[in-house]
Amino acid sequence: MEKTFSGKTVLLTAGPTYEAIDPVRFIGNHSTGKMGFALAECFAARGANVKLVAGPTNLKPTHTSIAVTPVTSADEMYAAVQKLASDADIWVFAAAVADYKPKAASLKKIKKSGDELTIELVKNVDIAAALGKLKKEHQFSVGFALETDNENTNAQEKLKKKNLDMIVLNSLNDPGAGFKHDTNKITIIEPETTTAFELKQKTEVAQDIVNLIWERTHA
Ligand code: CTP
């Protein structure tokens with residue numbers, strides 16, 4: 001049987017978020033968005049209607065069935081996701097959302113003064129977890145996790161906490177995996193199953209993830 005997603009809508013988050021400190025500075029991370037964009041292309045090539053909510057990145061989608069909503073901060077990403085989630089059959093949270101944001105962004109550029117500067121941070125909304133509370137029976141939710149230790153235990157905890165059906169685990173212990181690489185080595189964790197994959201190009205990793213999502217949602 002051809003493994004298509006025709007008639008299905010996939011909501012994806014991708015890239016980093018930038019949390020403003022003042023008009024010229026932000027807290028961010030090294031996510032490039034490559035993994036999320038590769039997934040978007042892969043789903044679109046298989047016939048899905050893709051809604052891609054992307055943090056700051058230089059990437060542009062090529063497939064015409066990918067609609068991008070560009071956002072900057074975690075709050076903006078959450079607002080965009082809330083609008084799109086209920087109509088989507090599959091949610092994939094591939095964004096590297098900043099866990100904390102400055103309590104209040106300064107409206108004016110912060111001038112240098114003393115030898116130390118303290119910026120108070122507050123927790124950002126956990127987009128995957130907030131959506132997990134609204135997930136319906138027919139919806140399938142996938143998260144990502146980047147761990148350095150106790151990988152499987154932490155991933156199992158995140159599955160529960162965020163009400164995910166699947167977690168794609170990247171280990172920082174694997175050379176060639178994670179940020180700034182074109183390759184990735186993943187393990188897919190589900191409540192009852194763990195599937196390990198070889199180090200591959202991110203485009204091929206995307207195929208593996210999309211294949212397994214297809215198996216779980218169609219087989
Ligand atoms: N995520 C999210 N919103 C956040 C933080 C994370 O939607 N504010 C999503 C990510 O897109 C990813 C998953 O949750 O799919 C795991 O994110 P991660 O940062 O690894 O996990 P945390 O729960 O933030 O735990 P920790 O940073 O303590 O490992």
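Scanning the stretch 17-39 for residues that are within 12 Å of Lys202 (Cα to Cα), of a type in the set (Gly, Ala, Ser) and within 11 Å of the chain's Cα centre (by Cα) turns up Gly33, Gly36.
The number of residues in the stretch 2-28 that are surrounded by 15 or more Cβ atoms within 10 Å (Cβ to Cβ) and closer than 24 Å to Ala85 by Cβ comes to 13. In this structure, Ala155 qualifies as within 13 Å of the ligand (Cβ to nearest atom) and either modelled with pLDDT of 95 or more or aliphatic (A, V, I, L, M) (or both). Of the strands (runs of 3 or more DSSP E) lying entirely inside the stretch 36-132, those containing at least 3 residues that are surrounded by 14 or more Cβ atoms within 10 Å (Cβ to Cβ) and touching a residue at least 12 places away in the same chain (Cβ under 8 Å) are 49-54, 66-70, 90-93, 100-102.
Restricting to the stretch 131-145, count the residues that are charged (D, E, K, R) and within 8 Å of the ligand (Cβ to nearest atom). Looking only at that region, the number is 0. Taken together, the criteria place Thr64 among residues that are farther than 23 Å from Thr187 by Cβ and either aliphatic (A, V, I, L, M) or more than 15 Å from the ligand (Cβ to nearest atom) (or both). Restricting attention to the stretch 161-172, the residues that are more than 9 Å from the ligand (Cβ to nearest atom), more than 17 Å from Lys185 (Cα to Cα) and either among the small types (Gly, Ala, Ser) or without any contact (Cβ under 8 Å) to a residue 40 or more places away in the chain (or both) total 1. Would a scan of the stretch 34-53 turn up a residue that is within 18 Å of Asn124 (Cα to Cα), in contact with a strand residue (DSSP E or B) (Cβ under 6 Å, 6 or more places away or on another chain) and not aromatic (Phe, Trp, Tyr)? Scanning the stretch 34-53 turns up at least one residue that is within 18 Å of Asn124 (Cα to Cα), in contact with a strand residue (DSSP E or B) (Cβ under 6 Å, 6 or more places away or on another chain) and not aromatic (Phe, Trp, Tyr). Could we say that Lys158 is free of Cβ contacts under 8 Å to residues at least 24 places away in the same chain and touching a helix residue (DSSP H, G or I) at 6+ places or on another chain (Cβ under 9 Å) here? In short, yes.
Mind listing whichever residues of the stretch 1-35 are of a type in the set (S, T, N, Q) and assigned to a strand (DSSP E or B)? Thr9, Thr13 - these are the residues of the stretch 1-35 that are of a type in the set (S, T, N, Q) and assigned to a strand (DSSP E or B).
The values are calculated or read from the model by the stated rules, or taken from the named source; none is laboratory data. Worth saying up front: this structure is predicted, and the values here are computed from it rather than measured. Don't worry about glycine lacking a Cβ; one is built from the backbone with ideal geometry, like all the others, and counts go over all protein chains shown.
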